[in-house]
Amino acid sequence: MDSLFLKPLTEQLERRRTEHLYRERLILDSPQGVEVRIGSETLLAFCSNDYLGLAQHPAVIAAFKAGADRYGVGAGASHLVSGHSAAHHALEEELADFVGAKRALLFSTGYMANLGVMSALCGRETTIFEDRLNHASLIDAARLTRAKVKRYPHADIARLDRLLTDTPGQKFITTDTVFSMDGDMAPLKELHRLAERHGAWLLADDAHGLGVLGKDGRGSLERFGVPLAPPTILMGTLGKAFGVFGAFVAGEEVLIETLIQQARTYIYTTALPPAVAEAVRASLKIVRAESWRRERLGALVARFRQGAQELGFTLMASETPIQPLMLGTAEVALDVSQKLRAQGILVPAIRPPTVPEGSARLRFTFSAAHEFSHVERLLEALATVRQA
């Protein structure tokens, strides 16, 4: 009987191994940082989303500890029962102020935030328009709403305009602001203009822009001068540049109240531990006060791009901390990743289905905690691989 159920699964796993698509978890024996320990290896890592180097910041750690002392280690209930603490409430107010919104609402993850927004605002009568390279959370959210879905070619404003023109009824546009695998940015100004012209909501997933982009780190909307007002809805995450965990949605008062009443991923789940909220509050203060972290990050990225191009590598068009090196097949990407690891550099290969077939790559990500000497070491390792 076991073989009836397990044999197909075993065969699927074997196919993945044969096609170089089998994924294995790394087990870290150290905190997240620019150097990590995996078993007996100490590796220089270029694969974390801790863009501002705050995951180990002493003030953030201290706030987490103080929050646990005050509130305990769990919220104990959903926000609408008895899990909404003073720490959660203060964080929502501070995030709203930071991004220039009337209100913000905490979610446990960005995935749950996107699911919550789209399930609350979209129904069978809605048509959702999605960039073809959107994050899985946006794609899955669209599927679960049971709305009609139309996908447009990546960043193709002209094609999206035609689709919107030809589609009657309620309309909802979704996009990553910084695309997590390519590192390029959505044409937010043009998307905002289309949303206004066609009477469509615009959900901007700023997971990889918040804290990093814009003069004050307020993200992609600040970077492109797009107002956070209808038709725009902002989703931001707190586990990347903020170095902690969680997510939020920001917008108008009536929007947030609607989500509180109707977003199933908000209503039917336990709230974040209050200690996490306290840690994010400490992180937010640093994001606002220490602009040098964004400046340093930009300089590190510029040095890497210059050095990689001097070595003859072709990089994708990205000015963000996400710097992909396209290698083509999963086999080649795995091989280059393993050769770098042999030199003490950790950059796992990104393979299908995370990226389209034939576009396997190494996705280098940078942190303000990196030193310029780390970038030089990475470039030396890449030079060795190129000569092999």
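The values are calculated or read from the model by the stated rules, or taken from the named source; none is laboratory data. These numbers come from a predicted model, not from an experiment. Note: ideal-geometry Cβ built from the backbone for every residue, glycine included; neighbour counts use all protein chains shown.
Checked against (1) surrounded by 19 or more Cβ atoms within 10 Å (Cβ to Cβ); (2) more than 11 Å from residue 172 (Cα to Cα), residue 124 passes all but condition (1).
When you scan the stretch 84-110, how many residues do you find that are among the hydroxyl-bearing types (Ser, Thr, Tyr) and more than 14 Å from residue 275 (Cα to Cα)? Qualifying residue count for the region: 1. Checked against the criterion of being of a type in the set (A, V, I, L, M), within 30 Å of residue 376 (Cα to Cα) and in a helix (DSSP H, G or I), the stretch 276-287 contains one or more residues that satisfy it. It is to be established whether one or more residues within the stretch 378-386 are closer than 29 Å to residue 134 by Cβ and either aliphatic (A, V, I, L, M) or crowded, with 21+ Cβ neighbours inside 10 Å (or both). No - not one qualifying residue is present in the stretch 378-386.
Of the listed requirements (1) free of Cβ contacts under 8 Å to residues at least 40 places away in the same chain; (2) not in a loop (DSSP other than H, G, I, E, B), residue 43 misses just one: (1). Scoring residue 159 on the criteria (1) of a type in the set (Lys, Arg); (2) farther than 30 Å from residue 65 by Cβ; (3) crowded, with 22+ Cβ neighbours inside 10 Å leaves a single failure, condition (3).
Taking the conditions exactly as written (buried (at least 24 other Cβ atoms within 10 Å of the Cβ) and in contact with a strand residue (DSSP E or B) (Cβ under 8 Å, 6 or more places away or on another chain)), does residue 194 satisfy them or not? So residue 194 does not fit the description; no.
Residues are listed down the side, and each one gets a yes or a no for (1) in a helix (DSSP H, G or I); (2) on the phi > 0 side of the Ramachandran plot; (3) surrounded by 20 or more Cβ atoms within 10 Å (Cβ to Cβ):
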residue	(1), (2), (3)
296	yes, no, yes
304	yes, no, yes
317	no, no, no
336	yes, no, yes
353	no, no, no
361	no, no, yes
370	no, no, yes
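Within the stretch 129-159, the set of residues being under 18 Å from residue 109 (Cα atoms), part of a helix (DSSP H, G or I) and not acidic (Asp, Glu) comprises 136, 137, 138, 139, 141, 142, 144. Residue selection: residue 358 satisfies the criterion of being over 27 Å from residue 54 (Cα atoms) and either at pLDDT 95 or above or small (Gly, Ala, Ser) (or both). Residues of the stretch 367-378 that are within 21 Å of residue 338 (Cα to Cα) and in contact with a Phe, Trp or Tyr (Cβ under 7 Å, 6 or more places away or on another chain): 375, 378. Determine if the stretch 205-214 includes at least one residue that is surrounded by 22 or more Cβ atoms within 10 Å (Cβ to Cβ), among the β-branched types (Val, Ile, Thr) and not in a helix (DSSP H, G or I). Within the stretch 205-214, one or more residues are surrounded by 22 or more Cβ atoms within 10 Å (Cβ to Cβ), among the β-branched types (Val, Ile, Thr) and not in a helix (DSSP H, G or I). The combined condition, being in the same structural domain as residue 234 (by TED's automatic domain parsing), modelled with pLDDT of 95 or more and closer than 24 Å to residue 178 by Cβ, is not fulfilled by residue 346. Being assigned to a helix (DSSP H, G or I), surrounded by fewer than 16 Cβ atoms within 10 Å (Cβ to Cβ) and free of Cβ contacts under 8 Å to residues at least 24 places away in the same chain is a property that residue 97 has. Between 87, 104, the distinction of being surrounded by 14 or more Cβ atoms within 10 Å (Cβ to Cβ) and either part of a helix (DSSP H, G or I) or at positive phi (or both) belongs to 87 only.
Is the stretch 260-270 home to any residue that is among the hydroxyl-bearing types (Ser, Thr, Tyr), over 21 Å from the mean Cα position of the chain (by Cα), in the same structural domain as residue 100 (by TED's automatic domain parsing) and not in a loop (DSSP other than H, G, I, E, B)? Scanning the stretch 260-270 turns up at least one residue that is among the hydroxyl-bearing types (Ser, Thr, Tyr), over 21 Å from the mean Cα position of the chain (by Cα), in the same structural domain as residue 100 (by TED's automatic domain parsing) and not in a loop (DSSP other than H, G, I, E, B).
Could you identify the single residue in 223, 281 that is out of contact with any Phe, Trp or Tyr (no Cβ under 7 Å at 6 or more places or on another chain), touching a residue at least 60 places away in the same chain (Cβ under 8 Å) and either small (Gly, Ala, Ser) or more than 19 Å from residue 102 (Cβ to Cβ) (or both)? Step by step, each of 223, 281 is checked, and only 281 is out of contact with any Phe, Trp or Tyr (no Cβ under 7 Å at 6 or more places or on another chain), touching a residue at least 60 places away in the same chain (Cβ under 8 Å) and either small (Gly, Ala, Ser) or more than 19 Å from residue 102 (Cβ to Cβ) (or both). If the condition is being polar (S, T, N, Q) and in contact with a helix residue (DSSP H, G or I) (Cβ under 6 Å, 6 or more places away or on another chain), then the stretch 271-291 contributes only 283.
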